[in-house]
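The values are calculated or read from the model by the stated rules, or taken from the named source; none is laboratory data. None of these values were measured; they are calculated from a predicted model. Don't worry about glycine lacking a Cβ; one is built from the backbone with ideal geometry, like all the others, and counts go over all protein chains shown.
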Amino acid sequence: MSEKEALSQFQTRLAGRLQSAEGNAGTESAIWLAVEIAGVGFMFPLNYSGEIFPWFEPQAIPYTKEWFLGVANLRGALCGVVSLAKYFDLPATMDSQDMTKIQMDRRLIGFHPSLDLNTVLAVDKLVGLKNRQQMTGTDVAGQHRDQQGLVWQEIDLRMLAQNPAFISIAQ
């Protein structure tokens with residue numbers, strides 16, 4: 001199975017699970033898209049997440065901040081590509097074998113069209129969906145522990161899209 005077919009099947013399953021979750025809307029459960037970035041687990045609210053793209057090497061743009069990787073043509077739209085690992089200053093502790101695996105798993109996650117931001121976020125790996133009701137809180141705000149004991153940090157994509165530091169890419 002090709003990478004494109006596998007991603008398409010993942011998106012189909014994701015859409016099905018989202019519709020199922022919306023059908024159970026009486027239980028105020030938050031559904032999150034779980035990703036891994038530099039070995040750290042993050043969760044994006046699914047209602048603010050957009051399309052998932054396979055990794056596409058962006059065209060670098062001079063005089064931009066280090067975390068702005070450049071632009072990519074994704075389905076005819078020119079999108080800025082942001083490395084959240086660099087934006088959050090996460091340490092890169094990968095050896096060459098891990099780096100090869102990450103390059104294969106790497107994806108671009110778009111913002112929901114309602115946020116009006118032609119930007120995608122580079123993530124190392126898609127993990128799947130998480131439901132807040134199946135998690136417990138930690139002592140740190142916005143962090144949750146899943147049933148396997150893994151800690152996940154929430155990223156509010158709506159607030160990120162409105163953050164002046166995030167939308168100012170010039171050096």
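Given the criterion in a loop (DSSP other than H, G, I, E, B) and buried (at least 17 other Cβ atoms within 10 Å of the Cβ), identify the matching residue among L121, L117.
Numbers: L121 fails: in a loop (DSSP other than H, G, I, E, B).
Testing whether each residue is in a loop (DSSP other than H, G, I, E, B) and buried (at least 17 other Cβ atoms within 10 Å of the Cβ) leaves just L117.
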| Within the stretch 143-163, can you find the residues that are closer than 28 Å to C79 by Cα and more than 16 Å from the chain's Cα centre (by Cα)? | Q162, N163
| task | Please work out which one of (1) modelled with pLDDT of 90 or more; (2) exposed (fewer than 14 other Cβ atoms within 10 Å of the Cβ); (3) not aliphatic (A, V, I, L, M) is the condition D98 fails and give its number. | result | (1)
| query | Inside the stretch 103-142, can you point out the residues that are under 10 Å from the mean Cα position of the chain (by Cα), under 15 Å from P45 (Cα atoms) and of a type in the set (K, R)? | reply | none
| query | Which members of the stretch 22-39 meet the condition of being modelled with pLDDT of 90 or more and outside any strand (DSSP E or B)? | reply | A38, G39
| Checking L160 against (1) touching a residue at least 60 places away in the same chain (Cβ under 8 Å); (2) within 22 Å of G70 (Cβ to Cβ), which test does it fail? | (1)
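Does the stretch 56-73 hold any residues that are hydrophobic (A, V, I, L, M, F, W, C), under 14 Å from G110 (Cα atoms) and at pLDDT 95 or above, and which are they? Show your work before the answer.
Taking the stretch 56-73 as the starting set, the residues that turn out to be hydrophobic (A, V, I, L, M, F, W, C) are 56, 60-61, 67-69, 71-72.
Pick out the ones that are also under 14 Å from G110 (Cα atoms) and you get 56, 71-72.
Correct list: V71, A72.
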